[in-house]
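**Student:** Sending over a structure as structure tokens; questions will come in a sec.
The values are calculated or read from the model by the stated rules, or taken from the named source; none is laboratory data. Quantities reported herein were computed from a predicted structural model and do not represent experimental measurements. Virtual Cβ from ideal backbone geometry, glycine too; neighbours counted across all protein chains shown.
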2 protein chains.
Amino acid sequence: MKPPTHIIETCLYAEDVEAAERFYSDVMGLELFSKAEGKFVFYKMAEAMLLIFDPDASDGSQHKLPDHGAKGPGHVCFRVDEAEFPAWREHLASHGVAIESEHVWPSGVRSLYFRDPAGNSLELAPWKLWA
Amino acid sequence: MKPPTHIIETCLYAEDVEAAERFYSDVMGLELFSKAEGKFVFYKMAEAMLLIFDPDASDGSQHKLPDHGAKGPGHVCFRVDEAEFPAWREHLASHGVAIESEHVWPSGVRSLYFRDPAGNSLELAPWKLWA
């Protein structure tokens, strides 16, 4: 068997799924793929899905899938080139989203941290952070 | 500002980080990138990181980063071609990992579900599940 090379579903949890939808659609600018009122919103990215579930309604009852659902702040990092950071700082400010931290790594690479409405920690960073 | 197209950090949480390391290294076959005893193990995939943290020790104290840490089962789907499913079934069985569910979607695409030692729900599926 070959080890997997790609993650095609990353999950975050939000008790207020509507607030999550407004945030990920309007602030993050992601394309809504599908939703179930009060249960989940799914976003499609380049060959990967961002799935945001109400942790109390992610039991996959629709398809009798294995249940999951975590509580407390999760974390996701989105790939954004540092050249786009000034536009992102302005865009986040215009939506009233506070930058919690701007971290400069020992390599000189920079990360921008803020929160979604559920308190999940989001990060913007270029891939060279890990390359 | 351009919406992000890639997620470069996906997190799961595991209170027993050593058990997580054994599982993701030996069973999932992922390449360990870095670790901090009892705090986290990081795996590097194709232009994305899988980060597994102890939820009580993911406050980034080393770098004073924004804290995060969720409890309860999370979920990740790894991209695996269906042609590799027989090898995966055998491989998981040889490591004593039970297949919790094998789901056939309305499109005919198949997903294989099992759990990591922390109870996180893992899925193997081809990208065409979402394409």
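**Student:** Just one of A:9, A:31 is more than 7 Å from every other protein chain (Cβ to nearest Cβ) and either without any contact (Cβ under 8 Å) to a residue 60 or more places away in the chain or touching a Lys or Arg at 6+ places or on another chain (Cβ under 9 Å) (or both); which is it? Quick ask: steps written out before the conclusion?
**Tutor:** Values: A:9 fails: more than 7 Å from every other protein chain (Cβ to nearest Cβ).
After ruling out the rest, the residue left standing is A:31.
**Student:** Residue A:101 passes all but one of (1) crowded, with 20+ Cβ neighbours inside 10 Å; (2) within 17 Å of the chain's Cα centre (by Cα); (3) modelled with pLDDT of 95 or more; which number fails?
**Tutor:** Result: residue A:101 passes all but (1).
**Student:** Considering every residue within region A:48-58, establish whether at least one is aliphatic (A, V, I, L, M), under 20 Å from residue B:67 (Cα atoms) and either in contact with a Ser or Thr (Cβ under 6 Å, 6 or more places away or on another chain) or crowded, with 16+ Cβ neighbours inside 10 Å (or both).
**Tutor:** Taking region A:48-58 as the starting set, the residues that turn out to be aliphatic (A, V, I, L, M) are A:48-52, A:57.
If we keep only those that are under 20 Å from residue B:67 (Cα atoms) as well, we get A:52.
In the following step, the residues that additionally are either in contact with a Ser or Thr (Cβ under 6 Å, 6 or more places away or on another chain) or crowded, with 16+ Cβ neighbours inside 10 Å (or both) were identified as A:52.
Yes, because at least one residue in region A:48-58 is aliphatic (A, V, I, L, M), under 20 Å from residue B:67 (Cα atoms) and either in contact with a Ser or Thr (Cβ under 6 Å, 6 or more places away or on another chain) or crowded, with 16+ Cβ neighbours inside 10 Å (or both).
**Student:** Pull up region B:108-130, narrow it to residues that are assigned to a loop (DSSP other than H, G, I, E, B) and facing chain A (nearest Cβ under 8 Å), then point me to the one that is surrounded by the fewest Cβ atoms within 10 Å (Cβ to Cβ). Don't jump to the end; show me each part of the working.
**Tutor:** Within region B:108-130, the subset assigned to a loop (DSSP other than H, G, I, E, B) is B:108-109, B:116-120, B:126, B:130.
With the extra rule that they be facing chain A (nearest Cβ under 8 Å), the set shrinks to B:120, B:130.
Numbers: B:120: 22, B:130: 20.
It comes out as B:130.
**Student:** Within region A:72-98, track down each residue that is under 13 Å from residue B:8 (Cβ atoms) and either out of contact with any strand residue (DSSP E or B) (no Cβ under 7 Å at 6 or more places or on another chain) or at pLDDT below 95 (or both). Can you show your working first?
**Tutor:** We begin by selecting, within region A:72-98, every residue under 13 Å from residue B:8 (Cβ atoms); these are A:75-81.
Passing the criteria: only A:81.
**Student:** May I pose another question? When you go through (1) in contact (Cβ under 8 Å) with a residue 12 or more places away in the chain; (2) within 19 Å of residue A:125 (Cα to Cα); (3) not aromatic (Phe, Trp, Tyr) one by one for residue B:95, which number turns out not to apply?
**Tutor:** (2)
**Student:** Hey, residue A:43 hits all of (1) more than 7 Å from every other protein chain (Cβ to nearest Cβ); (2) in contact (Cβ under 8 Å) with a residue 60 or more places away in the chain but one; which does it fall short on?
**Tutor:** (2)
**Student:** Does region B:14-26 contain at least one residue that is within 18 Å of residue A:72 (Cα to Cα), within 8 Å of chain A (Cβ to nearest Cβ) and in contact with a strand residue (DSSP E or B) (Cβ under 7 Å, 6 or more places away or on another chain)?
**Tutor:** No.
**Student:** Another question about this same structure. Against the conditions (1) surrounded by 13 or more Cβ atoms within 10 Å (Cβ to Cβ); (2) within 13 Å of the chain's Cα centre (by Cα), where does residue A:35 fall short? Just the number, please.
**Tutor:** So the condition that residue A:35 fails would be (2).
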